[in-house]
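See below for the structure under consideration.
The values are calculated or read from the model by the stated rules, or taken from the named source; none is laboratory data. Computed from a predicted structure; not experimentally measured. Cβ sites come from the backbone with ideal geometry, for glycine too, and all protein chains shown count toward neighbours. Ligands, DNA and RNA are excluded from the accessible area calculation, which covers all protein heavy atoms including side chains. Shrake-Rupley method; radii C 1.70, N 1.55, O 1.52, S 1.80 Å.
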Amino acid sequence: MSSIKIECVLQMNCRCGESPVWEETSNSLLFVDIPAKKVCRWNSLTNEVQQVTMDAPVSSVALRQLGGYVATVGTKFCALNWEDQSTVVLATVDKDKKNNRFNDGKVDPAGRYFAGTMAEEVAPAVLELHQGSLYSLFPDHHVEKYFDQVDISNGLDWSLDHKIFYYIDSLSYSVDAFDYDLQTGQISNRRSVYKLEKEEQIPDGMCIDAEGKLWVACYNGGRVIRLDPGTGKRLQTVKLPVDKTTSCCFGGKDYSEMYVTCARDGMDSKSLSRQPEAGGIFKITGLEVKGICPYPYTG
Ligand SMILES: O=C(O)[C@H](O)[C@@H](O)[C@H](O)[C@H](O)CO
Ligand SMILES: [Zn+2]
């Protein structure tokens, strides 16, 4: 008998919480608040939250093998030194697109930092379309571009055998797969593995579990869904007490807990009073499946 428990472990009032990443060495959850330009680190043992404010919207954060972190800030891939809060720009993309910013990003199993861009939103999911592209920052700091014409570049992860790359362009309402060449970082053969149903709303962040199934946070859908990318079937729905669920990752002891971020921006005062925990960090236990540890950027 599974007994799923959902709790808000941190009332952060994030405008748009995103990019949860578990850091095992510090028993902490890293995440960002995109429009607030903040990278946050919550220590699950002491409940302490540390924050670093950047000079532009910060859309994703990842671990770095050399120590500290890497983050996507505005249209820059940056290294972040947590101790002195200093940043170093590693590469800049979309130089010809002044209204663009990075969105979701994650490191691949070989240590490359993948992240895509989008036009800045006028309101949630209201933006100039086809402005985004998908990129990766290699360990030697060169950037490769995979494709353009993206609306809202979002969730990404890799299959357990590293042969498939999963990717979400939110406004396609689809979870896509590509063949993945881990040696070269190249992708090919794009196809859809799941189309969201109407009530599931907008697919946003995503992570893979230790059984190779995908967990997708549904923006405006107030839920995370578990998908079998092999059969294209939804296996499970876990509803949360907030509508604007943005992303998810596994963490905690042996990666047995799931952490979910969410947003407050775009909610009116009535829905905010109904969902006072909007913008908080949620922990889901009792899922009976574990996650895998995040890969660090190796550059
Ligand atoms: O969190 C993100 O990925 C975006 O930056 C957000 O703004 C929302 O997800 C988007 O509006 C809904 O798709
Ligand atoms: Zn997102």
>> Anything in region 202-220 that is more than 16 Å from ligand 1 (Cβ to nearest atom) and assigned to a strand (DSSP E or B)? List them, or say none.
In response: 208, 209, 214
> Within region 160-175, how many residues turn out to be away from ligand 1 (no atom under 15 Å from the Cβ) and open to solvent by 10 Å² or more (accessible area, probe 1.4 Å)?
Replying inline: 6
> Taking region 92-126, which residues are hydrophobic (A, V, I, L, M, F, W, C) and either in contact with a Pro (Cβ under 7 Å, 6 or more places away or on another chain) or on the phi > 0 side of the Ramachandran plot (or both)?
Replying inline: 107, 125
> Does region 228-247 contain any residue that is within 14 Å of ligand 2 (Cβ to nearest atom), within 22 Å of residue 13 (Cα to Cα), open to solvent by 10 Å² or more (accessible area, probe 1.4 Å) and part of a strand (DSSP E or B)?
Replying inline: yes
>> Pairs please, first residue from region 107-119 and free of Cβ contacts under 8 Å to residues at least 24 places away in the same chain, second anywhere and acidic (Asp, Glu) and open to solvent by 10 Å² or more (accessible area, probe 1.4 Å), Cβ atoms under 9 Å, 6+ apart in sequence or on different chains.
In response: 119/128; 119/151
> Residues of region 49-73 being more than 16 Å from ligand 2 (Cβ to nearest atom) and within 17 Å of the chain's Cα centre (by Cα), which ones?
Replying inline: 63, 64, 69, 70
>> Against the conditions (1) within 25 Å of residue 130 (Cβ to Cβ); (2) over 17 Å from the mean Cα position of the chain (by Cα); (3) away from ligand 1 (no atom under 16 Å from the Cβ), where does residue 228 fall short? Just the number, please.
In response: (1)
> Pick from region 123-153 the residues that are of a type in the set (D, E, K, R) and out of contact with any Lys or Arg (no Cβ under 9 Å at 6 or more places or on another chain): which of them is farthest from ligand 1 (Cβ to nearest atom)?
Replying inline: 140
> Only one residue in 122, 143, 150 is aliphatic (A, V, I, L, M) and open to solvent by less than 40 Å² (accessible area, probe 1.4 Å). Which one?
Replying inline: 150
>> Between a residue in region 127-148 that is farther than 22 Å from residue 296 by Cα and without any contact (Cβ under 8 Å) to a residue 24 or more places away in the chain and any residue that is part of a strand (DSSP E or B) and open to solvent by less than 50 Å² (accessible area, probe 1.4 Å), which pairs come within a Cβ distance under 6 Å, given they are 6 or more apart or on different chains?
In response: 147/134; 148/133
> Cβ-Cβ below 9 Å, separation at least six or inter-chain, first residue in region 229-241 and closer than 16 Å to residue 160 by Cβ, second of a type in the set (S, T, N, Q) and open to solvent by less than 80 Å² (accessible area, probe 1.4 Å): which pairs?
Replying inline: 229/159
>> Condition first: assigned to a loop (DSSP other than H, G, I, E, B), open to solvent by 50 Å² or more (accessible area, probe 1.4 Å) and either within 16 Å of ligand 2 (Cβ to nearest atom) or farther than 28 Å from residue 26 by Cα (or both). Can you find one or more residues in region 280-297 that meet it?
In response: no
